[in-house]
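J.: I'd like to ask some things about the structure below.
The values are calculated or read from the model by the stated rules, or taken from the named source; none is laboratory data. Nothing here was measured: the structure is a model prediction, and the numbers come from that model. As a convention, Cβ positions derive from the backbone with ideal geometry for all residues, glycine included, and neighbour counts pool all protein chains shown. For the accessible areas, the whole protein counts, side chains as well, though only heavy atoms, and no ligand, DNA or RNA atoms are used. Shrake-Rupley method; radii C 1.70, N 1.55, O 1.52, S 1.80 Å.
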Amino acid sequence: MRPNSIEAARLAEDDSGTVHWKAWGPYLSERQWGTVREDYSRDGSAWDYFPHDHARSRAYRWGEDGLAGFSDHHQRLCLGLALWNGRDPILKERLFGLTNSQGNHGEDVKEIYYYLDATPTHSYLAMLYKYPQAEFPYQWLVDENGRRGAGVPEFDLLDTGLLNDDRYFDVTVEYAKADPHDFLMRITVENRGPDDAEIHVLPHIWFRNTWSWGREPARPVLQTVTPTTVQASHPILGTYFMRFGDAPTVLVTDNETNSPKLFGASAPGQYFKDAFHERVIHENLAAVNPEGRGTKAAAWYRATVPAGRSLTFRARLSKNTSVGSFADFDTLVDRRRNEADEYYAKLQTGIDNVDERRIQRQAFAGMIWSKQFYHIDIPQWLEGDPAQPPPPRERLHGRNHDWVHLNNADIISMPDKWEYPWYAAWDLAFHCIALSLIDAEFAKNQLILLAREWYMHPNGQLPAYEWAFGDVNPPVHALAAYRVFQIDRKQQGGKGDYAFLERVFQKMMINFTWWVNRKDAQ
């Protein structure tokens with residue numbers, strides 16, 4: 001069908017492969033720590049092996065996380081946000097929550113944030129994070145939830161009283177694409193409280209660490225080229241330029257594990273992942289590289305926000321060397337937001353209730369923001385890496401040892417990017433039904449992806465989830481495929497994608513054979 005809006009035209013361009021609008025998006029997890037893929041323990045205790053307290057100082061093996069994260073579709077180069085209110089014990093670079101053993105109702109994120117808006121091509125994205133002006137109660141949340149039993153409600157951030165009298169910041173992060181390789185990041189910090197309040201805002205740019213494991217030795221580099229510009233050079237992505245508005249202090253370090261701090265190992269002359277935490281909070285000047293060269297950089301803004309007022313901070317990542325001015329910045333962001341309004345207005349024709357339209361649109365935003373780059377190679381994960389100590393041999397007979405064909409490195413719809421920052425087969429099937437209303441091609445590709453030979457087990461089983469790929473999920477994949485086909489056919493004016501249906505059908509027959517022969521003969 002002919003596109004009926006600017007965003008629909010972008011979507012058609014991406015579907016046809018002429019312009020890759022989805023090459024960058026909100027693909028960064030909100031929690032990489034505590035995941036199975038980062039667990040190299042003997043007994044599979046993922047929550048304990050890589051805790052939140054290690055996340056600021058320890059390089060991840062399989063992915064990245066960050067607040068309001070944005071990256072390319074292979075998560076090579078990442079954008080995100082860090083905050084400090086002048087009181088917290090750590091820099092706020094990622095969301096905090098309790099592990100399964102800490103929470104009286106299981107694992108639980110202890111932050112307040114909302115996905116506000118998103119388009120299918122990620123031409124416009126918006127999210128809101130509420131940041132207390134008092135010290136964030138990390139230990140209080142752990143202790144109180146640990147004291148409470150399962151029959152008592154969870155103890156959440158609102159229950160602490162720290163947000164009383166509106167003593168918090170509303171931090172709104174917007175991304176807008178000027179073109180497929182020109183990205184605008186606008187951060188608006190509103191002081192909701194009755195008094196002026198200090199805030200440190202640090203928009204980040206960094207490379208995922210792919211070089212410390214002995215498999216991909218090529219090392220990308222970030223280098224300051226002007227007081228407000230960082231050049232990002234990558235052997236595959238090429239060269240980008242990150243420009244920061246106004247006059248911040250630009251900090252540079254390396255996305256490397258702080259081995260002296262965590263493990264007592266010697267690492268002379270190195271700069272570490274937690275350098276900005278050390279520089280901003282502990283005033284450690286030696287933590288950052290004075291030569292402005294590394295693999296992780298941030299612009300450090302320090303400001304006092306008047307009561308009831310807001311301040312705005314701007315950053316722009318682009319391949320275009322001539323894009324240096326911020327004169328058109330707000331105009332471009334607002335244009336993309338207006339185009340999002342146009343797209344959803346036409347999509348929601350026939351929904352008369354304003355609240356229902358808003359609910360549906362924000363629900364779609366949550367679905368789009370929950371796309372994530374998911375990466376794991378089971379043989380490598382089991383065996384360990386050449387440049388790292390060998391993992392315990394018990395792993396070879398432990399979790400997921402019989403899924404050695406599985407090698408995932410794709411953008412996948414997640415149930416949630418904090419509590420469930422990994423795909424689940426039956427959740428994904430239902431996601432695709434909802435996503436087909438706004439992006440049928442993505443929905444169809446997701447259903448096909450999980451049935452490909454590097455996902456589906458040779459015996460025909462679909463992978464359940466990373467905690468145990470061999471667990472059994474309800475058999476809803478075929479149902480989802482048919483519903484997506486029907487929704488897409490209606491959108492296309494009765495023209496059905498029978499090639500998709502046939503392709504899925506072949507794999508569903510294999511999956512059905514597994515069900516009746518191996519799992520449920522009745």
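J.: Please go through the range 31-49 and pick out each residue that is surrounded by fewer than 22 Cβ atoms within 10 Å (Cβ to Cβ), modelled with pLDDT of 95 or more and of a type in the set (Phe, Trp, Tyr).
T.: Once the filter is applied, which keeps residues that are surrounded by fewer than 22 Cβ atoms within 10 Å (Cβ to Cβ), modelled with pLDDT of 95 or more and of a type in the set (Phe, Trp, Tyr), the range 31-49 yields 40, 49.
J.: Here's another thing I want to ask about it. So which of 338, 320 is more than 24 Å from residue 66 (Cβ to Cβ), touching a residue at least 60 places away in the same chain (Cβ under 8 Å) and open to solvent by 50 Å² or more (accessible area, probe 1.4 Å)? Steps first, answer last, please.
T.: Details: 338 fails: touching a residue at least 60 places away in the same chain (Cβ under 8 Å).
Result: 320 is the single residue among 338, 320 that is more than 24 Å from residue 66 (Cβ to Cβ), touching a residue at least 60 places away in the same chain (Cβ under 8 Å) and open to solvent by 50 Å² or more (accessible area, probe 1.4 Å).
J.: Is it the case that residue 79 is open to solvent by less than 10 Å² (accessible area, probe 1.4 Å), assigned to a strand (DSSP E or B) and under 25 Å from residue 315 (Cβ atoms)?
T.: Values: open to solvent by less than 10 Å² (accessible area, probe 1.4 Å): yes; assigned to a strand (DSSP E or B): yes; under 25 Å from residue 315 (Cβ atoms): yes.
Taking the combined requirement at face value, the residue satisfies it.
J.: Return the total of residues in the range 372-403 being assigned to a loop (DSSP other than H, G, I, E, B) and aromatic (Phe, Trp, Tyr).
T.: Result for the range 372-403: 1.
J.: Of all the strands (runs of 3 or more DSSP E) wholly in the range 118-221, which have at least 3 residues that are open to solvent by 50 Å² or more (accessible area, probe 1.4 Å), under 25 Å from residue 99 (Cβ atoms) and out of contact with any His (no Cβ under 6 Å at 6 or more places or on another chain)? Even if it seems obvious, please write down each step before you answer.
T.: Values: elements: 124-132, 168-179, 182-191, 197-207.
Answer list for the range 118-221: none.
J.: Another question, then. Sort through 141, 162, 116, 157 and tell me the only one that's under 26 Å from residue 435 (Cβ atoms) and in contact (Cβ under 8 Å) with a residue 12 or more places away in the chain. Working first, answer last.
T.: Numbers: 141 fails: under 26 Å from residue 435 (Cβ atoms); 162 fails: under 26 Å from residue 435 (Cβ atoms); 157 fails: under 26 Å from residue 435 (Cβ atoms).
Only one candidate qualifies: 116.
J.: Which members of the range 241-277 meet the condition of being modelled with pLDDT of 95 or more and among the aromatic types (Phe, Trp, Tyr)?
T.: Scanning the range 241-277 gives 241, 244, 271, 272, 276.
J.: Give me the pairs, please: first residue somewhere in the range 492-520 and exposed (fewer than 11 other Cβ atoms within 10 Å of the Cβ), second residue anywhere and outside any helix (DSSP H, G or I), beta-carbon distance under 8 Å, and either six or more positions apart or on two chains.
T.: Going by the 8 Å Cβ cut-off, the qualifying pairs are 493/1.
J.: Scanning for something assigned to a loop (DSSP other than H, G, I, E, B), open to solvent by 10 Å² or more (accessible area, probe 1.4 Å) and modelled with pLDDT under 95, does the range 418-439 turn up at least one residue?
T.: Scanning the range 418-439 turns up at least one residue that is assigned to a loop (DSSP other than H, G, I, E, B), open to solvent by 10 Å² or more (accessible area, probe 1.4 Å) and modelled with pLDDT under 95.
J.: When you look at residue 175, is it farther than 30 Å from residue 49 by Cβ, modelled with pLDDT of 95 or more and touching a Lys or Arg at 6+ places or on another chain (Cβ under 6 Å), yes or no?
T.: Details: farther than 30 Å from residue 49 by Cβ: yes; modelled with pLDDT of 95 or more: yes; touching a Lys or Arg at 6+ places or on another chain (Cβ under 6 Å): no.
No.
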